[in-house]
Amino acid sequence: MDMAGKRYKAAMAGLDRDAELTVADAVKTVKGNATAKFDETIEIAMNLGVDPRHADQMVRGVCNLPNGTGRSVRVAVFAKDAKADEARAAGADVVGAEDLAEQIQNGDMPFEKVIATPDMMPLVGRLGKVLGPKGMMPNPKVGTVTMDVAKAVADSKGGAVEFRVEKAGVIHAGVGKASFSEDKLTENVTAFLAAIQKARPTGAKGVFVKKIALSSTMGPSVKINTAEVPN
């Protein structure tokens, strides 16, 4: 049964599914097709030539989008004393230590990002079974285990996007909202592509970026030419 709506079918009718576009043209097309009644997220998906089952082919990191994500991120910070005060001053939504751990164990998690100072990790580590599956376990590789909690909070709220390659070699992330201007979306997509290239692992051989697609929440995807990935 064909479940596609009229809006989606209309958008599809005007697309060349085989065309590989520049970032700017892809943004223009996807933004133009984002006609839902809410502010759709612009999403990027990349197929990489890696096998993440091998440690030297893991692709993971964080990209600070120059124009933010367009969404409000609630941040929890594990810290004590002066570092706790720094986190609160930077705008953290929840700050604590043992009390925060108990809150999480009770299933009360009104936040999307968790940051911790290094001395808090023995405590946070006991929450791995809860935070891990939700993708919220702090990790120094993406800047969420740090003494500079103020910067980490500011980055999280200002446009930091974590990425991690999945089993099939795919990475996907939100890179803005349909309400953003074309220029801002183009800058965000370009920054994300550069971050992926920078995170290329030593074990990656041959073609690293195989495919790139851009879409909105309710719209069809378009292909981006892989030559658009900065070297």
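Considering segment 115-129, and only residues there that are touching a helix residue (DSSP H, G or I) at 6+ places or on another chain (Cβ under 6 Å) and surrounded by 16 or more Cβ atoms within 10 Å (Cβ to Cβ), the residue that is farthest from V62 (Cα to Cα) turns out to be L127. When segment 167-220 is limited to residues that are hydroxyl-bearing (S, T, Y) and part of a loop (DSSP other than H, G, I, E, B), the one that is nearest to the chain's Cα centre (by Cα) turns out to be T217.
You will find that of A92, A55, A82, the residue that is aliphatic (A, V, I, L, M), surrounded by fewer than 19 Cβ atoms within 10 Å (Cβ to Cβ) and outside the structural domain of L193 (by TED's automatic domain parsing) is A82 and no other.
If you scan segment 156-166, which residues turn out to be in contact with a Lys or Arg (Cβ under 9 Å, 6 or more places away or on another chain) and outside any strand (DSSP E or B)? Residues satisfying the conditions are S156, K157, V165. Against the criterion of being more than 19 Å from E162 (Cα to Cα) and either in contact with a Ser or Thr (Cβ under 6 Å, 6 or more places away or on another chain) or not assigned by TED's automatic domain parsing to the domain that holds E43 (or both), S215 does not qualify. Failed condition for A82, given (1) over 14 Å from V130 (Cβ atoms); (2) aliphatic (A, V, I, L, M); (3) touching a helix residue (DSSP H, G or I) at 6+ places or on another chain (Cβ under 9 Å), with all others met? Only one criterion is unmet by A82, namely (3).
Filter segment 52-90 down to the residues that are over 20 Å from the mean Cα position of the chain (by Cα) and part of a loop (DSSP other than H, G, I, E, B), then identify the one that is nearest to M147 (Cα to Cα). Looking at residues that are over 20 Å from the mean Cα position of the chain (by Cα) and part of a loop (DSSP other than H, G, I, E, B), I get A79.
The values are calculated or read from the model by the stated rules, or taken from the named source; none is laboratory data. Computed from a predicted structure; not experimentally measured. Because the Cβ atoms are built from the backbone with ideal geometry, glycine has one as well, and the counts that use them run over all protein chains shown.
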